[in-house]
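The values are calculated or read from the model by the stated rules, or taken from the named source; none is laboratory data. These numbers were taken from a predicted model, which means no experiment stands behind them. Calculation scope for accessible area: heavy atoms of the full protein, side chains included, ligands and nucleic acids excluded. Shrake-Rupley method; radii C 1.70, N 1.55, O 1.52, S 1.80 Å.
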Amino acid sequence: HLINLVVVGNEALAKWWGGEFADSLEAAVDRVHAALQGLGFQARATTVLQFSIVANSFPPAAAELSHSVEFLKKGLLAKLQARGAPLLLNLYPYLAWRAAGGNVSLLY
């Protein structure tokens, strides 16, 4: 299949949006997913969030979501999991490197 994944929004829960999309993100992903299925596409709908939703990122295997996005677990994340769709995160390694004064361990 040519299209496997459709991303709805970009960092919709980021603080610069002021929570404007927090209540509508799940519904938007659901509607796009339903539209894709209704048209016969096997593509899955998901979204991409900002990396700041990760509360602990080191070591990477210990990463967990911030308490500020706990509401995602029962709704959006459960639906993505049931559909076999990933939750995507935007990572900006340059910003982490810069914030650490250029001293980021290769273990990271």
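Structural descriptor for the chain: relative contact order 26 percent, calculated from alpha carbon pairs under 8 angstrom and at least 6 residues apart.
The helix-only estimate of mean residue ellipticity at 222 nm for the chain, built from DSSP H runs of length n ≥ 4 each weighted as -39500 (n - 2.57), is -7000 deg cm²/dmol after division by the residue total.
Evaluating kT/(6 pi eta Rh) at 10 °C and 1.306 mPa s, with the Kirkwood radius of the stretch 29-86 over Cα pairs in the Stokes-Einstein relation, gives 124 µm² s⁻¹. Annotation: per residue accessible area for the chain equals 68 Å², rounded to a whole number [probe 1.4 Å, protein chains only]. Dimensions of the chain along the principal axes, based on C-alpha atoms and rounded to the nearest Å, stand at 50, 32, 22, largest first.
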